[in-house]
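Let me begin by presenting the structure, written as structure tokens, before commenting on it.
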Amino acid sequence: METENFAKQLIDFQKAAFNNSFNTLVMVQDQTERMFETTLAQNTWLPKEGRRMLDDWNNAYKKGRTDFKGIVEDSFGKLEDLFTTSPAVKTQASPSTKTK
């Protein structure tokens, strides 16, 4: 039981550290995006095709960031399930070995 509590606390700490770091990264990226948008709006030398390419690139970057966050959260959930499942359920789920 003590090991289970320790594992849960460790997972919670790692999850909180990841979320804080990720949110900081998102804030920096969003600020950079706003600065980039302002710069592009003031410069008319970029053709529409180039602008569209940069917008697509930005959208792909945001989608990748969101997908990464989802995968990490899913992995934390699986890790929590691994440590919080009761021992009786674990033994029932594992294949038993028969001796002859």
List the residue pairs whose Cβ atoms are under 8 Å apart, where the first residue sits in the range 34-52 and is within 20 Å of LYS62 (Cα to Cα), the second is at pLDDT 85 or above and among the basic types (Lys, Arg), and the two are 6 or more positions apart or on different chains. LEU40/ARG51
Filter pass, THR3 being modelled with pLDDT under 90 and touching a helix residue (DSSP H, G or I) at 6+ places or on another chain (Cβ under 9 Å): yes
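For the range 81-100, name all the residues that are of a type outside the set (Ser, Thr, Tyr), under 30 Å from GLU2 (Cβ atoms) and either at pLDDT below 85 or exposed (fewer than 10 other Cβ atoms within 10 Å of the Cβ) (or both).
Passing the criteria: ASP81, PHE83, PRO87, ALA88, VAL89, LYS90, GLN92, ALA93, PRO95.
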Result of the Cβ filter at 6 Å on the range 1-19, keeping first residues that are under 13 Å from GLY77 (Cα atoms) and partners that are among the aliphatic types (A, V, I, L, M) and surrounded by 10 or more Cβ atoms within 10 Å (Cβ to Cβ), at least 6 apart or interchain, is ILE11/LEU79
If I ask for residues that are surrounded by 12 or more Cβ atoms within 10 Å (Cβ to Cβ) and farther than 16 Å from THR66 by Cβ, which ones from the range 1-36 would you list? GLU4, ALA7, LYS8, LEU10, ILE11, ASP12, GLN14, LYS15, PHE36
Matching option when the condition is surrounded by 12 or more Cβ atoms within 10 Å (Cβ to Cβ) and within 14 Å of the chain's Cα centre (by Cα), among LYS63, LYS78, LYS69: LYS69
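The values are calculated or read from the model by the stated rules, or taken from the named source; none is laboratory data. Everything quoted here is computed from the prediction, not taken from an experiment. Counting neighbours? That spans all protein chains shown, and the Cβs are built from the backbone with ideal geometry, glycine included.
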